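Just so it is clear, none of the values below were taken in a lab; they were calculated from the coordinates. From a predicted model like this one, the values you see are computed outputs, not experimental measurements. Cβ atoms come from the backbone with ideal geometry, glycine included; neighbour counts cover every protein chain shown.
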Amino acid sequence: MTETTQLSGSVFRCDRNGIIRDVLRNDLHAGAGDLRDASFLSLFDQSNIDKGALLLQTLQTHQAAFGWEINLLLEGRWTPLHFTGFLTADMMIIACSARRADATSLLRKYLHREEPSPDGSPLFPAAPAAENDIDTHMLDLLTQLNNELTVIHRRMAKQNIELEHLNNDKNALIADLTTALAQIKTLSGLIPICSNCKKIRDDRGYWNVLEKYLKDHSDATFTHGICPDCAKIFYDGLDLQKT
Amino acid sequence: MSMESIKGSFAQKRKLIVEETIARHFKEDPDLKIRYGDYGASKYIQDMDYHLRYLDEAIAAQSPVLFEDYLSWVAIMLTARNVSTAELLRSLEILASVLRDHCPSDGIEIALRYLNAGIGKVIQDCRVTPSFLSEDSTLARQYLDALLQGDRNSASRLILDAVRDGMPVKDIYIKIFQESQHEIGRLWQLNKITVAQEHFCTAATQMIMSQLYPYIFTTPRKGLKLVAACVTDELHDIGIHIVADFFEMDGWDTTYLGANTPTKDIIRTIIETKSNMVGLSATIAYHLHDLRHLIRSIRADEACRGTFIMVGGYPFNKASDLWRDLGADASARDAAEAVCKANRFFNTRSQQ
């Protein structure tokens with residue numbers, strides 16, 4: 001047997017004007033006939049209707065009312081009942097029972113939606129977000145972790161963009177150097193040369209005079225002079241060093 | 001007795017005051033304990049602890065408006081969770097009687113004055129904040145809807161498409177990210193979304209902000225450096241993230257340290273980066289004490305001499321002179337104003 005079935009009382013869902021929209025339970029057999037769309041105040045006789053109206057007014061202004069004792073005629077006997085109610089976005093849930101604590105427990109059952117409405121629809125149009133099962137501390141830790149990742153991500157993104165800029169600069173420098181390098185003509189490897197006349201054989205097999213070969217394969221140009229040994233051979237008797 | 005020493009004596013007895021207030025309330029109204037259940041009672045303890053922390057901080061900052069504003073926010077938040085304003089007011093009345101019994105006589109009058117001002121504010125002027133999204137902010141609504149549906153990819157696409165269509169990145173920061181974050185806070189207050197949704201939306205927005213970095217880290221440098229951070233325990237860091245990115249877009253070289261940064265790390269970073277300025281953020285008013293301590297520590301460090309300290313966050317928008325009391329050089333209401341004020345200060349300094 002559940003706690004709810006042990007509890008005895010009546011629970012009504014009313015709109016803000018005090019019209020009963022649902023009889024959620026009525027163990028007490030309060031009221032006469034079908035109470036749907038009847039005024040909540042129709043439960044009371046003339047001597048108690050003012051207090052019932054005050055209960056509704058209190059609910060409307062203070063959003064909650066607890067432990068109101070009002071007499072109700074039940075099965076021909078005046079019975080003192082405890083009324084407890086709560087106002088949600090646009091509905092009032094009002095519970096009553098012979099015991100004050102039972103009225104509160106019944107209200108809590110329906111407020112916390114442990115008990116469904118008769119047609120299974122939600123009791124409250126604007127159902128409170130269910131946070132009871134959420135470990136908020138764990139969420140805070142996750143947020144903290146996410147924040148740290150955000151900081152690292154930003155730092156890395158910034159450094160990455162700076163590296164990209166540096167990389168672009170480096171690539172531009174390499175391109176400049178490559179162009180410059182292409183303009184520098186260098187001689188390397190084995191060069192076949194005539195041991196007598198000193199002509200050089202090029203890639204196509206032609207023999208070129210030394211000056212032409214060097215001129216074609218480097219940026220060097222020649223200016224002609226004569227060395228002392230040759231001067232002795234070709235200009236013997238002339239003192240070229242003096243002239 | 002100084003405001004800070006009143007605060008100190010408060011803090012020592014906070015646990016006792018919380019427990020006794022709730023015990024008295026439950027004794028007075030046993031039905032309340034039944035209705036709240038175990039979960040509700042644990043939340044009640046947590047909330048009462050927050051009330052005292054905020055009261056402490058408001059007294060130390062000599063700013064009743066901080067506590068009044070907080071209580072208005074709490075009243076709406078609790079109403080949305082089926083705790084009536086009448087119950088909140090009764091619990092505050094009981095708190096006042098407990099404070100009378102436990103606080104030093106020379107501090108109690110101040111505490112009660114602040115508490116009563118807060119109660120008065122709840123009674124007189126407790127309105128639900130209207131939506132932060134204006135009628136014409138279609139993109140912000142679409143963005144927020146996508147996030148609330150857990151669809152971060154669609155949210156991201158909306159932002160990247162907007163940038164490609166020519167929407168300035170600064171507008172996206174303010175009109176989309178900032179406004180939707182404010183709206184998320186409001187929706188949580190009204191119990192329309194869960195705390196998990198709130199955390200998801202924040203994390204997703206942080207991720208989407210990072211997709212805009214290629215647009216942000218491209219401004220030529222102007223030779224000024226900023227360190228941006230939240231104080232210890234402060235987890236609300238989107239605001240200071242926006243500020244850091246605005247400075248970056250203005251040509252500052254920024255180091256963003258984010259949420260919950262220990263004091264020594266902030267000081268070390270200022271020194272290592274030779275920063276001209278530090279931007280500090282606090283959203284929760286009871287972190288102001290940590291912020292005050294942090295500012296004092298920066299001032300006391302010889303290596304940080306001349307560092308311009310600017311503060312910002314929700315409490316500073318509510319109490320306009322609070323920054324001065326905390327020892328900062330300036331405060332700003334938003335990222336654009338922060339950049340403007342900082343540039344003006346350094347332009348003037350360079351001309352001297």
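Relative contact order of region A:1-86, please, whole-number percent, based on alpha carbon pairs below 8 angstrom and at least 6 residues apart.
That works out to 20 percent.
With bins 10 Å wide starting at 0, give me the P(r) of region A:192-243 over every alpha carbon pair, in whole percents.
Values per bin, smallest distances first: 21, 34, 28, 14, 2.
Ratio to report: Rg/Rh of region A:135-178, with Cα atoms as the point set and Rh obtained by the Kirkwood method; give two decimals.
Answer for region A:135-178: 1.46.
How compact is region A:64-104 by the rule of thumb for globular proteins, expressed as Cα Rg over 2.2 N^0.38 Å?
1.23
Could you check what % of the DSSP bridge pairs in the protein assembly as shown are antiparallel, to the nearest 5?
Looking only at bridges with both residues in the protein assembly as shown, the antiparallel portion is about 65 percent.
So what does log10 I(q)/I(0) come out to for chain B at q = 0.10 Å⁻¹, using the Debye formula with one equal point on every Cα and no solvent?
Relative scattering, expressed as log10 I(q)/I(0), comes to -0.69.
Over region B:241-352, what lengths in whole Å, largest first, do the semi-axes of the equivalent ellipsoid take, defined as the square roots of 5 times the eigenvalues of the alpha-carbon gyration tensor? Walk me through the intermediate numbers first.
Values: eigenvalues 73, 59, 41 Å².
Calculated on Cα positions only, the semi-axes equal 19, 17, 14 Å.
Suppose we take every Cα in region B:1-126 and form the convex hull; what volume per residue is that in Å³? Walk me through the numbers on the way to the answer.
Values: hull volume 10.6 nm³, N = 126.
Taking the convex hull of the Cα positions in region B:1-126, it is 84 Å³ per residue.
Which trypsin sites (Lys or Arg not before Pro) from region A:158-220 combine a DSSP loop assignment with at most 12 other Cβ atoms within 10 Å?
Loop-located and lightly packed - A:185, A:198, A:204.
Please state, to two decimals, what the Cα-based radius of gyration of region A:11-76 comes to when divided by 2.2 N^0.38 Å (N = residues).
It is 1.06.
What nm value, rounded to one decimal, do you get for the distance between residue A:169 and residue A:219 when each label is placed 7 Å out toward the C-beta?
My value for the distance between the label points is 2.6 nm.
When all C-alpha to C-alpha distances in region B:183-280 are sorted into bins of 5 Å, what percent of pairs does each bin hold, rounded to whole numbers?
Distribution as computed: 3, 13, 19, 20, 18, 13, 8, 4, 2, 0 percent.
Take the Cα atoms of region B:42-184, find their three principal axes, and give me the spread along each one in whole Å, biggest first.
64, 31, 26
List the extent of the Cα atoms of region B:8-61 along each of their three principal axes, largest first, rounded to whole Å.
Between the extreme Cα coordinates on each principal axis of region B:8-61 lie 37, 16, 13 Å.
Show log10 I(q)/I(0) for the protein assembly as shown at q = 0.07, 0.09, 0.10 Å⁻¹, two decimals, from a solvent-free Debye sum over equal Cα scatterers.
The Debye formula, applied to the Cα set alone, gives -0.60, -0.85, -0.98.
How well do other chains shield peptide B:229-237, expressed as the mean number of their Cβ atoms within 10 Å of each residue Cβ? Let's see the in-between values first.
Working: counts 1, 1, 0, 0, 2, 1, 6, 2, 6.
Average per residue, whole number: 2.
In square nanometres, what is the average projected area of the Cα convex hull of region B:89-167? Present the calculation step by step, with values, prior to reporting the outcome.
On the way: hull surface 38.0 nm².
Here the figure is 9.5 nm², rounded to one decimal.
Which of the trypsin sites (Lys or Arg not before Pro) found in region A:16-48 are loop residues per DSSP with 15 or fewer other Cβ atoms within 10 Å of their Cβ?
A:16, A:36
Tell me which residues come under 5 Å, amide H to amide H, from residue B:331 once H is placed; ignore anything under 5 positions away on its chain.
B:311
How many Cβ atoms of partner chains, on average, are near each residue of B:249-258 if near means within 10 Å of its Cβ?
3
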